[in-house]
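Report on the structure given below.
Every read-out reported here was derived from the displayed coordinates using simple, explicitly stated rules and does not represent laboratory data. The structure displayed is predicted, hence computed values, not measured ones. Counting neighbours? That spans all protein chains shown, and the Cβs are built from the backbone with ideal geometry, glycine included.
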Amino acid sequence: MTQARVAPAPPARAASKRQPKPLPAKRYRLADVSAFPTENGYRYEIIDGELIVTPAPARPHGIIASRIAYAMTGFFKQQMPEWSLIAQPISLEWETENTAYHCEPDISIFDQPFEAVLEKVDLFPVIVIEIVSPGNPENDYVRKVAAYAAIGIPEYWIVDSRHRTITFLELTTAGRQRHYTRIDTSQLLPDNELVLDEIFAGL
């Protein structure tokens with residue numbers, strides 16, 4: 001009886017070690033800002049060419065911002081009438097050939113009155129204040145530290161309801177390099193009237 005011959009199976013092909021290269025992430029420029037949605041409640045910012053999208057803040061965030069604005073407005077009215085603030089996000093932009101920044105701080109403080117702020121649309125604040133989002137603290141403690149330093153904001157205040165703290169950062173320039181140094185209190189407004197117990201009361 002003749003047995004059927006079975007042809008040997010072809011050798012298995014070795015899996016290719018070559019993996020497809022991921023496509024580079026899009027680098028955003030200031031020209032892209034006009035295409036961002038404005039009606040969905042999200043905040044669109046560009047930090048070192050990267051798009052950062054954050055949802056509308058929760059109510060405690062708005063309460064803290066309102067309390068800070070109220071306290072600082074009263075302080076300016078009584079002691080520094082030439083200063084002013086804007087208690088809503090405004091566009092702060094800076095761009096070079098290699099990178100771009102478009103940030104929208106929660107509160108911006110100017111060392112000039114409202115009339116000058118309205119007239120000089122390219123006027124930058126001397127202090128920006130961010131209220132930390134509990135769900136994404138890295139955005140305010142890391143990304144925006146680098147961003148506001150690059151833009152050249154003299155002071156950056158970080159308000160954190162989780163720890164009931166305000167972190168004060170002062171801009172330091174060494175050659176072309178800019179970075180922030182932590183300080184105990186604001187050097188531009190050392191007599192500011194922010195009382196932590198009042199800012200965080202009930203939160």
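Here are some notes:
- Checking each residue in the range 126-139 for being without any contact (Cβ under 8 Å) to a residue 40 or more places away in the chain and either outside any helix (DSSP H, G or I) or surrounded by 13 or more Cβ atoms within 10 Å (Cβ to Cβ) (or both) picks out Val128, Glu130, Val132, Pro134, Gly135, Pro137.
- Only one of the numbered conditions (1) surrounded by fewer than 13 Cβ atoms within 10 Å (Cβ to Cβ); (2) out of contact with any Asp or Glu (no Cβ under 8 Å at 6 or more places or on another chain) is not met by Ile109, and that is (1).
- Yes/no for Ile131 being touching a Leu at 6+ places or on another chain (Cβ under 9 Å) and hydrophobic (A, V, I, L, M, F, W, C): no
- The condition (being surrounded by 17 or more Cβ atoms within 10 Å (Cβ to Cβ) and within 20 Å of Glu138 (Cα to Cα)) is satisfied by just one residue among Ala58, Ala69, Ala65: Ala65.
- Residue satisfying all of: in the range 116-125; in contact (Cβ under 8 Å) with a residue 12 or more places away in the chain and in a loop (DSSP other than H, G, I, E, B); surrounded by the most Cβ atoms within 10 Å (Cβ to Cβ) among these: Pro125
- Among the residues of the range 25-49, those that are surrounded by 15 or more Cβ atoms within 10 Å (Cβ to Cβ) and out of contact with any Gly (no Cβ under 6 Å at 6 or more places or on another chain) comprise Asp32, Val33, Phe36, Arg43, Tyr44, Glu45, Ile46, Ile47, Asp48, Gly49.
Here's the yes/no breakdown for (1) within 14 Å of the chain's Cα centre (by Cα); (2) closer than 19 Å to Arg67 by Cα; (3) among the β-branched types (Val, Ile, Thr):
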| position | (1), (2), (3) |
| --- | --- |
| Ser84 | no, yes, no |
| Pro89 | yes, yes, no |
| Leu92 | yes, no, no |
| Cys103 | yes, no, no |
| Ile109 | no, yes, yes |
| Pro113 | no, no, no |
| Leu118 | no, no, no |
| Val132 | yes, yes, yes |
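- All positions within the range 176-193 that are over 13 Å from Glu155 (Cβ atoms) and either of a type in the set (A, V, I, L, M) or part of a loop (DSSP other than H, G, I, E, B) (or both): Arg176, Asp191, Glu193
- Arg67 touching a residue at least 40 places away in the same chain (Cβ under 8 Å), within 12 Å of the chain's Cα centre (by Cα) and part of a helix (DSSP H, G or I): no
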